[in-house]
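First up is the structure itself, then whatever we jot down about it.
The values are calculated or read from the model by the stated rules, or taken from the named source; none is laboratory data. These figures come from a predicted structure and were not determined experimentally. Cβ atoms come from the backbone with ideal geometry, glycine included; neighbour counts cover every protein chain shown.
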Amino acid sequence: MKELKLPVWPRPVLFILSLLATWEIAVDLHPNQIMPGPISVLSGIVELLQHGLLLKYVVASLFRVTWGFALATILAVPLGLTLGWYRRGELALNPLVQIFRPISPLAWIPIAILWFGVGDLSSIFLIFVGCFFPLLLTAMSAVHNIPADYINAGRNFGLSSSAFVSRVLYPAVIPRLLIGMRITLGIAWLVVVAAEMIAVNSGLGFLIVDARNAGNRYDLVVAGMVIIGAIGLLLDMGMRSIEQIKSFRWSSSED
Amino acid sequence: MSQAGAMVNSPIAGPKLKVQHLGVVYERDGKSTPVLEDLNLDVSEGEFICVVGPSGCGKSTMLNAMGGFLAPTSGSVNIDGEVVTGPDRRRILVFQERGVFPWLTVEGNIGFGLSKLSRTERKERIAHYVQLVRLQGFENTYPSDLSGGMKQRLQVARALAVNPDILFLDEPFGALDSITRVIMRGELLRIWQTEKRTVIFVTHDIDEAVQLADRVVVLSSRPARIQDILTIDIAHPRNISSPRYLAIRDELLKQIGLAYEI
């Protein structure tokens with residue numbers, strides 16, 4: 001018997017389409033429940049597009065994530081690499097890090113509003129807080145996990161300190177660092193939605209709260225959720241494609 | 001091929017490498033463990049020395065101390081009459097595995113220590129060593145796509161490219177399968193005979209030592225002392241079933257305390 005050969009890519013697409021169909025049918029069967037179906041969600045997205053709100057809110061959210069994440073990366077990664085290299089510094093700072101780390105970034109919301117008011121700055125601050133500690137720990141552990149042979153080989157060839165950092169330390173930590181950054185970017189995207197629900201008047205988080213408050217527009221609420229999910233997926237795929245660059249990818253193939 | 005033997009005996013001013021009363025003690029949790037005790041060894045220029053001993057006896061520690069990666073607790077290591085105080089590009093250590101940089105291609109690895117050369121000089125040097133270790137066609141390949149034996153050849157090429165006086169090899173073929181290991185021994189001998197460097201080679205493989213070395217240093221179990229130094233007076237290429245070879249091999253096995261029969 002001849003086996004039917006289908007390419008792989010339609011499978012997830014077919015699966016999602018069948019889920020959407022199930023969703024629509026379920027909603028149609030229970031019209032008195034407040035739950036929008038995929039068709040009304042789609043028309044909600046179209047409505048947002050027509051008002052120019054979708055693009056505006058997406059840009060606003062991405063703007064905050066970019067700043068918060070970039071600032072956290074610029075500060076936490078060099079600090080974490082330094083602390084990871086000089087163990088004494090790490091031992092001194094570790095208790096402090098471990099106290100701050102379990103505090104949810106959302107717990108900082110009142111303080112953020114107190115310091116920065118309602119606006120971009122406070123949500124950027126919240127994203128920064130949410131990203132800083134994961135990135136710091138990632139950078140420290142990336143240094144700890146450099147195989148001793150790479151460090152010794154680097155020392156053997158008589159490199160200056162700066163050459164050692166750029167030619168051994170940096171390439172040796174980059175694979176772990178990129179994985180940590182991808183996971184942290186996911187955290188940033190979670191935090192921005194929460195921050196926008198409270199601390200600002202624009203963005204995808206604000207869209208969700210606003211749509212509910214302004215007349216129970218649950219089609220727009222779910223539309224916002226769908227957009228958040230889709231952009232989260234795109235961010236993750238973007239980071240993954242950076243990880244796939246050959247000279248960055250070495251650790252996964254080597255270990 | 002027979003010059004290798006002659007070279008060893010050629011008269012030179014002093015030993016290339018002189019180990020004097022070398023001792024290393026590891027301190028951990030307030031407990032001190034002596035690893036090396038009063039090692040004394042003179043190595044001449046161009047000599048091929050193998051170091052064997054029971055596993056965990058401190059062979060690698062000895063190599064690390066000679067290479068300057070580890071400060072001795074007592075005694076000293078002198079190279080060309082100079083006390084070794086740290087790693088130096090004139091003497092390169094080749095590791096068992098994870099030695100090559102996985103983020104660099106074959107060319108990038110061989111050229112790692114050559115950043116001070118001009119572009120054309122660097123290119124020539126890289127091409128020469130690619131040829132020497134027979135990695136032609138793999139210049140732009142990353143180590144993850146090379147076999148274990150190719151990676152070790154690459155590591156040797158990277159070491160030789162900076163023109164070191166001494167090569168320290170820490171069980172460089174220990175992670176390879178037995179067939180590749182035999183091929184690699186031949187390759188290393190060929191390279192040693194063309195490049196004429198002093199080689200200190202740590203191994204746990206008796207046959208490897210008898211096939212490669214001019215002299216074999218036998219270490220005792222921990223704390224390691226030099227138990228004996230055997231001179232292998234067989235010219236290359238060595239016939240591994242000749243009576244002389246077998247006699248030396250047996251002597252070495254006896255030294256390490258292994259029975260003749262299993």
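Sort through B:30, B:53, B:75, B:46 and tell me the only one that's away from every other protein chain (no Cβ under 14 Å), over 18 Å from residue B:166 (Cα atoms), in contact with a helix residue (DSSP H, G or I) (Cβ under 6 Å, 6 or more places away or on another chain) and not hydroxyl-bearing (Ser, Thr, Tyr).
The unique qualifying residue is B:53.
Looking only at the stretch B:204-224, which residues are at pLDDT 90 or above, in a loop (DSSP other than H, G, I, E, B) and in contact with an Asp or Glu (Cβ under 6 Å, 6 or more places away or on another chain)?
B:214
Being among the charged types (D, E, K, R), away from chain B (no Cβ under 14 Å) and either surrounded by fewer than 22 Cβ atoms within 10 Å (Cβ to Cβ) or out of contact with any Leu (no Cβ under 9 Å at 6 or more places or on another chain) (or both) is true for just one of A:182, A:176, A:167. Which residue is that?
Among A:182, A:176, A:167, only A:182 is among the charged types (D, E, K, R), away from chain B (no Cβ under 14 Å) and either surrounded by fewer than 22 Cβ atoms within 10 Å (Cβ to Cβ) or out of contact with any Leu (no Cβ under 9 Å at 6 or more places or on another chain) (or both).
Restricting to the stretch A:146-203, give me the number of residues that are farther than 27 Å from residue B:112 by Cβ and in a helix (DSSP H, G or I).
Adding up the residues that qualify gives 18.
Residue B:155 passes all but one of (1) crowded, with 20+ Cβ neighbours inside 10 Å; (2) within 14 Å of chain A (Cβ to nearest Cβ); (3) under 24 Å from residue B:40 (Cβ atoms); which number fails?
(3)
Among the candidates B:95, B:112, single out the residue that is among the aromatic types (Phe, Trp, Tyr), under 18 Å from the mean Cα position of the chain (by Cα) and within 8 Å of chain A (Cβ to nearest Cβ).
B:95
Would you check which residues across the stretch B:152-190 are touching a residue at least 24 places away in the same chain (Cβ under 8 Å) and β-branched (Val, Ile, Thr) and list them?
Those that are touching a residue at least 24 places away in the same chain (Cβ under 8 Å) and β-branched (Val, Ile, Thr): B:156, B:162, B:166, B:180, B:183.
So residue A:142 fits all but one of (1) free of Cβ contacts under 8 Å to residues at least 12 places away in the same chain; (2) within 14 Å of another protein chain (Cβ to nearest Cβ); what number is the exception?
The one condition residue A:142 does not meet is (1).
Given the criteria assigned to a helix (DSSP H, G or I) and either free of Cβ contacts under 8 Å to residues at least 12 places away in the same chain or within 14 Å of chain B (Cβ to nearest Cβ) (or both), does residue A:231 qualify?
No.
So, in the stretch A:145-162, exactly how many residues are more than 7 Å from every other protein chain (Cβ to nearest Cβ) and within 16 Å of residue A:81 (Cβ to Cβ)?
Of the residues in that region, 6 qualify.
Go through the stretch B:115-149 and give me each residue that's within 14 Å of chain A (Cβ to nearest Cβ) and either within 26 Å of residue A:148 (Cα to Cα) or in contact (Cβ under 8 Å) with a residue 60 or more places away in the chain (or both).
B:115, B:116, B:140, B:141, B:142, B:143, B:144, B:145, B:146, B:147, B:148
Quick one: would you say residue A:150 is among the aromatic types (Phe, Trp, Tyr), within 30 Å of residue A:91 (Cβ to Cβ), surrounded by 15 or more Cβ atoms within 10 Å (Cβ to Cβ) and modelled with pLDDT of 90 or more?
yes
Can you tell which of A:236, A:210, A:149, A:219 is without any contact (Cβ under 8 Å) to a residue 40 or more places away in the chain, charged (D, E, K, R) and in contact with a Gly (Cβ under 8 Å, 6 or more places away or on another chain)?
Exactly one residue qualifies, and that residue is A:149.
Conditions: (1) touching a Phe, Trp or Tyr at 6+ places or on another chain (Cβ under 6 Å); (2) crowded, with 22+ Cβ neighbours inside 10 Å. Residue B:201 meets all but one. Number of the miss?
The single condition residue B:201 does not satisfy is (1).
Quick one: would you say residue B:181 is touching an Asp or Glu at 6+ places or on another chain (Cβ under 9 Å) and more than 13 Å from chain A (Cβ to nearest Cβ)?
Criteria met by residue B:181.
If you check every pair at least six apart or on different chains, which have Cβ atoms under 8 Å apart with a residue in the stretch B:225-247 that is over 22 Å from residue B:42 (Cβ atoms) and touching a residue at least 12 places away in the same chain (Cβ under 8 Å) first and a residue that is outside any helix (DSSP H, G or I) and among the polar types (S, T, N, Q) second?
From residues that are over 22 Å from residue B:42 (Cβ atoms) and touching a residue at least 12 places away in the same chain (Cβ under 8 Å), the pairs are B:235/B:2; B:236/B:2; B:245/B:239.
Please verify whether the stretch B:115-125 includes one or more residues that are surrounded by fewer than 20 Cβ atoms within 10 Å (Cβ to Cβ) and touching a Ser or Thr at 6+ places or on another chain (Cβ under 9 Å).
yes
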